[in-house]
Amino acid sequence: MLKFLSRPAVRLVERYLPDPYIFVLLLTLIAATAAIAVERQTPLAVMRFWGDGFWGLLAFSMQMLLVLVTGFMLASSPPVKRLLERLAGKATSAGGAILLVTVVSLAASWINWGFGLVVGALFAKELARQIRVDYRLLIASAYSGFVVWHGGLAGSIPLTIATDGHFSVEQIGVVGTGSTIFAFFNLAIVACLFVAVPLVNRMMLPDDKDSVYIDPAQLDDTPPARSRITRPAERLENSQALAWLVGIPGLLFLADHFLLRGGSLNLNIVNFLFLFLAIVLHRTPRRLLDCLHEAIKGGAGIVIQFPFYAGIMAIMVESGLAQSMSEGLVSFATEASLPFWSFISAGIVNLFVPSGGGQWAVQAPVMLPAAEALGVDVSRVAMAVAWGDAWTNLLQPFWALPVLAIAGLKAKDIMGFCLIQLFITGAIIAVGLTWF
């Protein structure tokens with residue numbers, strides 16, 4: 001049945017989903033129009049919100065670009081390539097490849113979302129080199145594992161409210177991760193998704209006549225052969241000692257960060273880890289630079305689109321539109337249904353504000369008073385917002401950009417499969433938030 005349903009979904013998305021750049025331009029116009037029509041903002045005010053906020057994600061944009069580049073360089077190093085090859089060898093069929101890449105992506109995303117995005121995409125490419133499988137579904141499967149990130153160890157909302165001094169601490173206090181990430185209802189949702197998402201992906205595997213395959217030669221990212229060294233500068237470029245004199249202290253810093261100082265895994269640390277492992281494992285600066293040249297080609301979408309999303313977020317927040325949307329959806333909620341409507345509202349807001357921390361700042365002033373008024377567990381409502389933020393990433397191409405850049409695909413190639421997952425995972429999460 002899922003194979004049958006996925007065909008029209010894939011065709012529909014391939015035909016009508018524009019390039020992510022066009023998507024973000026349309027979202028900009030929709031957000032601006034809604035702010036004027038619904039919030040009674042003047043066009044001048046909306047233009048100022050947009051322009052003032054346009055560069056608000058510069059640091060995050062650079063982080064995401066480095067996730068792509070450093071992850072690519074690490075995965076292209078000889079030791080990691082051999083490891084991925086051996087792991088990919090565990091799959092002996094197209095169906096096995098789909099199952100394996102989904103499980104790997106789910107596990108990596110639960111640990112850290114940036115780690116999951118890169119590892120899933122790179123592992124999918126390695127599987128495509130070894131097994132004849134529909135490449136679109138393979139990459140979609142790698143991306144679909146991202147749906148669990150906000151219920152995992154790097155979930156920004158549960159980590160925010162577990163931090164002393166967070167912006168709503170006077171209202172709800174510090175809410176430990178035992179009540180959010182490691183609560184029974186959240187672990188039950190994660191466990192169900194670990195079972196359902198791989199199986200759904202496997203059941204969507206197209207027949208041979210409907211599949212789209214890729215020539216493994218197109219995925220070859222082997223660095224060029226080393227040329228004969230003729231200049232003193234080339235000796236430095238090909239110096240293993242120079243690479244290790246810088247790379248090993250970087251890894252020692254990470255050991256100090258985790259073991260002696262008890263530091264956590266965040267996006268900066270993930271990028272630092274990827275970069276310095278790549279420096280050491282490539283063994284020479286020249287090999288690393290050759291790989292960097294290939295890695296950077298896929299970053300154009302991140303560079304041009306993320307500022308537009310920052311502008312959209314500014315319009316949504318400053319105009320009050322995001323708050324109005326949240327208030328409207330929870331206004332008719334009851335004690336039993338508030339987590340569900342919090343989840344739905346967060347999923348809708350996420351299409352315009354694709355940032356977990358930013359979304360919580362917008363929705364917490366609405367959700368927390370509603371939870372207190374109805375006597376609903378605050379931690380469950382917070383996780384409902386977190387899951388809503390993660391859920392519609394299956395439809396929002398913002399987070400898929402690094403995966404698509406690594407894979408060499410467009411959003412329309414994978415979003416038809418993700419659309420099926422959107423409905424199935426949405427049902428699982430909604431039931432878990434309401435009944436578990």
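The values are calculated or read from the model by the stated rules, or taken from the named source; none is laboratory data. Here the structure is a predicted model, which is why all the values come from computation and not from measurement. Positions of Cβ are generated from backbone atoms using ideal geometry, with glycine treated the same way; all protein chains shown enter the neighbour counts. Ligands, DNA and RNA are excluded from the accessible area calculation, which covers all protein heavy atoms including side chains. Shrake-Rupley method; radii C 1.70, N 1.55, O 1.52, S 1.80 Å.
Numerical summary
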quantity: Candidate set from region 212-239 (those that are closer than 30 Å to ILE139 by Cβ and modelled with pLDDT of 85 or more); member that is least open to solvent (accessible area, probe 1.4 Å); calculated: ILE214
quantity: Identity of the residue in region 160-184, open to solvent by 40 Å² or more (accessible area, probe 1.4 Å) and touching a residue at least 60 places away in the same chain (Cβ under 8 Å), that ends up nearest to ASP377 (Cα to Cα); calculated: SER179
quantity: Matching option when the condition is small (Gly, Ala, Ser) and either under 23 Å from the mean Cα position of the chain (by Cα) or surrounded by 15 or more Cβ atoms within 10 Å (Cβ to Cβ) (or both), among GLY51, GLY56; calculated: GLY56
quantity: Any hit, region 89-109, residues being free of Cβ contacts under 8 Å to residues at least 24 places away in the same chain and charged (D, E, K, R); calculated: yes
quantity: Residue satisfying condition, being open to solvent by 50 Å² or more (accessible area, probe 1.4 Å), over 23 Å from PRO397 (Cα atoms), not aromatic (Phe, Trp, Tyr) and not in a helix (DSSP H, G or I), within set GLU372, GLU335, GLU327; calculated: GLU335
quantity: Single match in VAL353, VAL349 (criterion: within 30 Å of LEU29 (Cβ to Cβ), at pLDDT below 90 and not in a helix (DSSP H, G or I)); calculated: VAL353
quantity: Every pair of residues 6+ apart whose Cβ atoms lie under 8 Å, when the first sits in region 207-228 and is among the basic types (Lys, Arg) while the second is open to solvent by less than 90 Å² (accessible area, probe 1.4 Å) and modelled with pLDDT of 75 or more; calculated: ARG226/ASN238; ARG226/ARG286
quantity: Residue in region 71-86 that is outside any loop (DSSP other than H, G, I, E, B), open to solvent by 50 Å² or more (accessible area, probe 1.4 Å) and among the small types (Gly, Ala, Ser) present; calculated: no
quantity: Flag for PHE340 being assigned to a helix (DSSP H, G or I), under 26 Å from TRP391 (Cβ atoms) and open to solvent by 50 Å² or more (accessible area, probe 1.4 Å); calculated: yes
quantity: One residue from VAL195, VAL200 being in a helix (DSSP H, G or I), touching a residue at least 60 places away in the same chain (Cβ under 8 Å) and closer than 30 Å to ILE214 by Cα; calculated: VAL200
quantity: One residue from PHE436, PHE417, PHE343 being in contact (Cβ under 8 Å) with a residue 60 or more places away in the chain and within 25 Å of ALA314 (Cα to Cα); calculated: PHE343
quantity: Verdict on ILE189 being buried (at least 23 other Cβ atoms within 10 Å of the Cβ), of a type outside the set (S, T, N, Q) and within 22 Å of LEU99 (Cβ to Cβ); calculated: yes
quantity: Selection within region 385-436 - over 24 Å from LEU187 (Cα atoms), open to solvent by 10 Å² or more (accessible area, probe 1.4 Å) and not in a helix (DSSP H, G or I); calculated: GLY408, LEU409, LYS410
quantity: Candidates VAL119, VAL103 - the one that is over 17 Å from THR392 (Cα atoms), open to solvent by 30 Å² or more (accessible area, probe 1.4 Å) and over 12 Å from the mean Cα position of the chain (by Cα); calculated: VAL103
quantity: Close pairs from region 9-34: first over 23 Å from GLY320 (Cβ atoms), partner open to solvent by 40 Å² or more (accessible area, probe 1.4 Å), Cβ under 6 Å, at least 6 apart; calculated: VAL13/LYS412; GLU14/LYS412; LEU17/LYS412
quantity: Number of the condition not met by ALA34 [criteria: (1) assigned to a helix (DSSP H, G or I); (2) at pLDDT below 95; (3) surrounded by fewer than 19 Cβ atoms within 10 Å (Cβ to Cβ)]; calculated: (3)
quantity: Residues of region 240-269 satisfying the condition of being touching a helix residue (DSSP H, G or I) at 6+ places or on another chain (Cβ under 8 Å) and either hydrophobic (A, V, I, L, M, F, W, C) or open to solvent by 80 Å² or more (accessible area, probe 1.4 Å) (or both); calculated: LEU242, ALA243, TRP244, VAL246, ILE248, LEU251, PHE253, LEU254, LEU265, LEU267, ASN268, ILE269
quantity: Residue check for ALA59: part of a helix (DSSP H, G or I), of a type in the set (Gly, Ala, Ser) and out of contact with any helix residue (DSSP H, G or I) (no Cβ under 7 Å at 6 or more places or on another chain); calculated: yes
quantity: Test result for GLY96, closer than 20 Å to GLY432 by Cβ, open to solvent by less than 50 Å² (accessible area, probe 1.4 Å) and under 24 Å from the mean Cα position of the chain (by Cα); calculated: no
quantity: Residue within region 301-316 that is closer than 22 Å to ALA390 by Cα, among the aromatic types (Phe, Trp, Tyr) and not in a helix (DSSP H, G or I) present; calculated: no
